[in-house]
Amino acid sequence: MKTKGLTPEKIIREINHAFDHAMIATDVGQNQLWATQFLELSDKKQLLTSGGLGTMGYGFPAAIGAKIGNPSKDVIVISGDGGMQMNIQEIATAVCYELPIIVCIFNNGYLGNVRQWQEMFFDKHYSSTCMRYRKSCPNICNSPTERCPEYTPDFTKLEESYGAKGIRVTKENEIAAAFETAKNTLKVPAVIEFMIEPEENVMPIVPPGNALDDTTLEREEH
């Protein structure tokens, strides 16, 4: 089996290690599910999430409210690249109010939760989930390749255009240093873009319409 490098589990394990008193807000999708799987919560480390309501874009505005109400606590956002773009303009709000929120973007280049369903239950008939899609792309595309267009936007440049701190992480050994830089970024948000595998899946998963005893525990390789 291929050894994975930068994974959501490793990122969240570092959050557990690096932050003792924190409020963590999630967006919606795979990022939310990974957070609920791997975050270690306590009376000093709390989770804000919209649960099963499916409100993409919830995470960052929730974090703004949490930071205003709890200025002495670290406030962290766990979001996907799709959900973050629902309310990304609120970076300007956080900059204006000098809120040092730490934003973690899990960038897999997809609307990942829907893509996972399309992969597992619809024979990889991908539709409207690839965030690198261009009109000139092939009509049928069921896997990313080196010929895929560049991702847009460039999150680090975009965040810096707002006056925030932009950080990109591509390797596991960069995770801890990125959080240390973010913790020392004062008065503006620090946005860390974690480049995870495009087809990283959440496991276990219950196929739609099935009972819990039909849970799929591991990804089937084809």
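Observations
- Approximating the spin labels as points 7 Å out from Cα along Cα→Cβ, the Cys96-to-Leu217 distance works out to 5.2 nm.
- Cut-off under 5 Å, modelled amide H: who pairs with Leu47 long-range: Ile24
- Over 32 Å apart at the Cα level, from the set Lys135/Lys187; Lys135/Lys157; Lys124/Lys165, are Lys135/Lys187; Lys124/Lys165.
- Per-residue HN-Hα couplings for the range 129-143 [Karplus 6.51, -1.76, 1.60; θ = phi - 60°; Hz; x = Gly/Pro]: 10, 7, 7, 10, 4, 10, 4, 7, 5, x, 5, 10, 9, 10, 6
- Residue by residue, the range 109-126 carries 3J(HN,Hα) couplings of x, 9, 7, x, 5, 5, 4, 4, 5, 4, 5, 7, 10, 10, 6, 6, 7, 6 Hz when phi is fed to the Karplus relation 6.51 cos²θ - 1.76 cosθ + 1.60 (θ = phi - 60°); x denotes Gly or Pro.
- The structure-derived value of Cα extents along the principal axes in Å appears in the list [x] 59, 39, 32; [y] 48, 43, 33; [z] 58, 38, 37 under the label [y].
- Residue-wise HN-Hα couplings along the range 58-73, as the Karplus relation 6.51 cos²θ - 1.76 cosθ + 1.60 with θ = phi - 60° gives them from phi, are 5, x, 5, x, 4, 5, 4, x, 5, 6, 5, x, 9, x, 8, 9 Hz; Gly and Pro carry x.
- The Cα center of the range 133-161 and the Cα center of the range 57-124 differ in position by 19 Å.
- Most positive-pole-ward Cα, Gly52, Ser128, Asn87, against dipole of the range 32-137 from beta carbon charges: Ser128
- Segment Ser72..Asn142, full-extension length gain: 20.6 nm, with 0.36 nm per residue of separation and the alpha-carbon distance subtracted.
- Selection from Ile11, Thr170, Val191, by position along the positive dipole direction of the chain (Cβ): Val191
- Most to least packed among 28-35, 176-183, 107-114 [average Cβ atoms within 10 Å]: 28-35, 107-114, 176-183
- Extended-chain gain in nm, criterion 0.36 nm per residue less alpha-carbon gap, Glu150 and His21: 42.7 nm
- Under the combined filter of DSSP loop state and at most 10 neighbouring Cβ atoms within 10 Å, the range 101-161 retains these trypsin sites (Lys or Arg not before Pro): Arg134, Lys135, Arg147.
- Counting DSSP beta bridges with both ends in the chain, the antiparallel % (nearest 5): 10
- Selection of GluC sites (Glu not before Pro), the range 1-64, meeting DSSP coil and at most 14 other Cβ within 10 Å: Glu40
- Seen through its C-alpha gyration tensor, with square-root eigenvalues sorted a ≥ b ≥ c, the range 103-193 comes out prolate because a/c lies at 1.5 or above while a/b is bigger than b/c.
- Placing unit charges on each Cβ (+1 for Lys and Arg, -1 for Asp and Glu) gives the range 37-162 a dipole about its Cα centre, and among Ser161, Gly112, Gln37 the Cα reaching farthest toward its positive end belongs to Gly112.
- Computed magnitude of the charge dipole of the range 4-162 (debye, nearest 20; Cβ of K, R +1, Cβ of D, E -1): 340
- Under a 5 Å amide H cut-off, with hydrogens placed 1.01 Å from N, Val75 pairs with Met23, Ile102 among residues at least 5 apart or on other chains.
Where a number appears in this text, it was derived from the coordinates with a stated rule and is not lab data. In this text, all values refer to a predicted model and were calculated from it rather than measured experimentally. FYI the Cβ positions are ideal-geometry reconstructions off the backbone, even for glycines, and counts take in every protein chain you see.
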